[in-house]
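Structure, as C-alpha cells:
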Amino acid sequence: MTGDTNNIKTVIHSLNERVKELNCLYLVDEILQDYSLPLELLFSKINEIIPQSMQYVDICCSCILYDSQEYISKSFKKTELKLFAQASTSEKIIEVCVYYTKPVKIEHRTIFLPEEQKLLNTLAIKIARYIEYRNLRDTLNNKMSNNLTKTDTFLTENTDTWLRSLSLTDSEIQKITRVKISFRKGETICKQGALTNHIMLLSEGLTKLYLESAQDRSFIFKIIKPHDFIGLSSLYGENRYTFSAAAIIPCSVYLIEKETLKAIFFNNSEFAYKVMTWFSQNFSLILERMSSVTNKQSVGRMADVILYLAKDIFSNNLIEGYISRKDIAELAGISTESAVRILSDLKNDNIISLNRNEIQILNEELLRSISMVG
C-alpha cells in the first residue's frame, strides 16, 4: 500500500505541476494579445506569472533579457540555481530565466523539471514572435501614417478658403463647386482630342497631364496638385482637350461650365487677373520643361525631373512611390529602361537612394550641377 500511495502522490504532484504550467501559458497568451502595452510593463506582467509555474514558487524569481535590457520580477536575486531559454527575433535575442533564491532539498526529483525547460522554451518563442510581429505592425502603421500624411498634403487645404484667396464671392464659389466628381487611381480624367464643355478644378489628389502620340508613347509635361485648373486653355481657344489627364492617386475635381467661368471673369476682374497670372506662370513652367527635353541629354533630363518632383510636387527631398518609373521616364522624355539605368547610376554615385519605388535625394548640390550641365 505504501508503494501505491507514493505512486499516487507522484502522479498528483506531476499533474499539479502541469496545471501550473498550463495556467502560465494561458495567462501569458492573454498578455500577448495587447500590442499597445509598453514592453517594460508587458515583461513585468509576464515576470509575475512565470514563478507561479515552477515547483518551488516561494523561492522562485524570473527575468527577461531583451535588447541589452534586463527586466526582473519582485525580490529578484541571481544565483547558480538557474534555468533559461533563448529565442531570436529578426534582429535580437530574447532570454527568459528563472532562479531559485535558496538551495533546495530534493528527494528523487531534479531541481528543475524537463517540462519546466519546455515551458521556458515555449515562452521564449512566444515572446520573440510577439515582438517580431509587434515591430512589423509598428513599421507598417508608421509607413501607412507617413503615406497618409504625405498624401494629405494633396487633400487638406480647404478649397473654399483657396477660392476666397482668388477674390471670389460666396455665390461665385458656390457656382464653381456645384458639381464634384471623384476618380480612382489610374483613371482617365480627360482625353486628348475630346470635346470639352467644362473647365476642371482639381480639389484633391495628384494628377498627371500628358501628350499622346501616334506611336503609343506619352510625354508627361506636368504633374498637378490641388488647386490647379485642367483645360483652361480651351476656355477661349479650341473646344477640345489638347492633352490627356489621369489620376496618379485618387482624385476629385470640380466641373465648371465654361459659360459660368466666362461670366465670373467678366464680372470679377481681380479673379480674372489672378487666374491669368497663374496661367502665365504655368505656361512658363511648361516651356522650361520642353526646353529641358529638347536641349539636355538623358542624365540632365533625369536630374531636372527628380528636382521638379522633389521641390515642386512633394516639397521635400523624398519622391513618393506612387510616382512610377514609367511616369518618371515620360516626364524626362526617355524610355523606361533608360530611366531605370540612370537612376541606378545616380544611386551608385550616392546622389540619390532608392527604397523600392521611393527616391531620396542625398546630394542635391551635385544633382543641380548635373541638371545645369545637362
So which residues in region 55-79 are in contact with a Lys or Arg (Cβ under 8 Å, 6 or more places away or on another chain) and charged (D, E, K, R)? ASP67
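Condition test on SER338, is it out of contact with any Leu (no Cβ under 8 Å at 6 or more places or on another chain) and free of Cβ contacts under 8 Å to residues at least 24 places away in the same chain?
So SER338 does not fit the description; no.
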Has region 199-221 got any residue that is over 29 Å from the mean Cα position of the chain (by Cα), buried (at least 18 other Cβ atoms within 10 Å of the Cβ) and over 23 Å from ILE328 (Cβ atoms)? yes
Failed item in (1) buried (at least 17 other Cβ atoms within 10 Å of the Cβ); (2) modelled with pLDDT of 85 or more, with SER371 passing the rest: (2)
Restricting region 313-333 to residues that are closer than 22 Å to THR294 by Cβ and without any contact (Cβ under 8 Å) to a residue 24 or more places away in the chain, which is farthest from the chain's Cα centre (by Cα)? ALA329
Identify all residues within region 341-374 that are in contact (Cβ under 8 Å) with a residue 60 or more places away in the chain and either among the aromatic types (Phe, Trp, Tyr) or not in a helix (DSSP H, G or I) (or both); write none if there are none. GLY374
Suppose we keep only residues that are farther than 18 Å from LYS118 by Cβ and in contact with a helix residue (DSSP H, G or I) (Cβ under 7 Å, 6 or more places away or on another chain) within region 72-87. Which one would you say is modelled with the lowest pLDDT? SER73
Please note which helices (runs of 4 or more DSSP H) are completely contained in region 209-322 and include at least 1 residues that are at pLDDT 85 or above and touching a Cys at 6+ places or on another chain (Cβ under 6 Å). none
Any idea which residue in region 63-81 is surrounded by the most Cβ atoms within 10 Å (Cβ to Cβ), counting only those that are free of Cβ contacts under 8 Å to residues at least 60 places away in the same chain and assigned to a strand (DSSP E or B)? CYS63
What tally of residues in region 119-133 results from selecting those that are among the aromatic types (Phe, Trp, Tyr) and either over 22 Å from GLN52 (Cβ atoms) or over 29 Å from the mean Cα position of the chain (by Cα) (or both)? 1
Quick check: anything in region 34-41 under 24 Å from VAL19 (Cα atoms) and either in a helix (DSSP H, G or I) or touching a residue at least 24 places away in the same chain (Cβ under 8 Å) (or both)? no
Being in contact with a strand residue (DSSP E or B) (Cβ under 8 Å, 6 or more places away or on another chain), modelled with pLDDT of 90 or more and either among the hydroxyl-bearing types (Ser, Thr, Tyr) or farther than 26 Å from TYR133 by Cα (or both), is that true of even one residue in region 32-46? yes
Filtering region 171-216 down to residues that are within 16 Å of ASP327 (Cα to Cα), in contact (Cβ under 8 Å) with a residue 60 or more places away in the chain and of a type in the set (Ser, Thr, Tyr) yields TYR210
The listed residue being outside the structural domain of THR207 (by TED's automatic domain parsing) and surrounded by fewer than 13 Cβ atoms within 10 Å (Cβ to Cβ), out of SER335, SER284: SER284
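The values are calculated or read from the model by the stated rules, or taken from the named source; none is laboratory data. These numbers were taken from a predicted model, which means no experiment stands behind them. Reconstructed Cβ throughout: ideal geometry from the backbone, glycine too, with neighbour counts over all protein chains shown.
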